[in-house]
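The values are calculated or read from the model by the stated rules, or taken from the named source; none is laboratory data. Remember, predicted model here, so these are calculated numbers, not experimental data. We work out accessible area using only protein heavy atoms, side chains counted, and drop any ligands, DNA or RNA first. Shrake-Rupley method; radii C 1.70, N 1.55, O 1.52, S 1.80 Å.
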Amino acid sequence: MTRIAVLGGHGKTGRAVAVGLADRRAEAVPLGRGAWPDLPDALAGCDAAYLIAPNLHPDEPSYVGQALAAMSVAGVRRVVYHSVASPYVPEMPHHLGKAVAESRVRTSGLAWTILQPGAYLQNLDLSGPTVRVPYDVDAPFGLLDLADLGAAAASVLLEDGHDGATYELATRRTTTRELAEEAGLVAERVPDPGTHPWLSAMFDYYDRFGLPVGTLPLRALLGKS
Ligand SMILES: NC(=O)c1ccc[n+]([C@@H]2O[C@H](COP(=O)([O-])OP(=O)(O)OC[C@H]3O[C@@H](n4cnc5c(N)ncnc54)[C@H](OP(=O)(O)O)[C@@H]3O)[C@@H](O)[C@H]2O)c1
């Protein structure tokens, strides 16, 4: 059975990737903080790795660089890096960290593929009656269903033809208001809770521009017309 290391594999993203792999009869090896003291050992015997950085990591390029170095030592030949849609936006520092990390992946010497997911559909709390977000409820987004992420990740990890490719991923283009109304709910803009300056910068950007993402690459990966 094909074994795929999933760095960050216990989080919601990593669990979705594991489900996608299990659906294709491949084995996910989830690796969390506990694997880092001897990462090459933890990666040994894996055919490829799916690389997810922790949310708002203060130095994502270094995290990614260390993971890539450990993969090389362990003999893992192929990496898929979980980046983000529009990583090169200067107004969002944590996106820029992923842009720099993408460059490390492309120059790692490993066979690589980069996925650029839009914001997850599952981020929105639709338990009702009001869907609250700290940005314009009419801002345009390309949102990604985590189940689609898992299926797309499995495709690029297990099939040939994706080396050197970068795919942006979104399930649908929509707005917060549209999703709320579909669920019979009301969308409301609330103040930024101010939990992290990088999140405040992201909400400010979302407020002005949203985060539009195309849907065609995902449809192609999933074989949908
Ligand atoms: N949310 C979105 O809409 C969205 C969209 C695009 C991209 N992303 C990206 O997806 C990633 C976050 O994924 P997630 O939400 O699934 O995260 P999560 O649920 O918070 O999971 C984090 C994972 O990272 C591990 N981890 C935490 N700190 C670590 C450290 N210092 N060193 C090594 N591993 C560590 C945890 O391992 P343990 O098992 O040790 O706890 C856990 O497995 C971020 O890079 C984010 O930018 C998110």
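Using a 1.4 Å probe on the protein chains only, how many percent of the accessible area of region 3-221 belongs to carbon and sulfur?
Within region 3-221, the accessible surface is 52 percent carbon and sulfur.
Could you work out the equivalent-ellipsoid semi-axes for the chain, taking the square root of 5 times each eigenvalue of the Cα gyration tensor, largest first, in whole Å?
31, 19, 16
Please report Rg over Rh for region 48-161, where both radii come from the alpha carbon positions and Rh follows the Kirkwood definition.
Rounded to two decimals, Rg over Rh is 1.02.
Per-residue HN-Hα couplings for region 107-118, Karplus 6.51 cos²θ - 1.76 cosθ + 1.60 at θ = phi - 60°, whole Hz, x for Gly and Pro?
10, 6, x, 8, 6, 9, 9, 10, 9, 10, x, x
Run the numbers on the chain and let me know its relative contact order in percent, using alpha-carbon pairs under 8 Å that are six or more apart.
Once divided by the residue count of the chain, the mean separation gives 20 percent.
Just from the alpha-carbon atoms, what are the Rg and Dmax of region 60-118 in angstroms?
11.4, 37
Over region 3-221, average the accessible area per residue using a 1.4 Å probe and give it in Å², no decimals.
45
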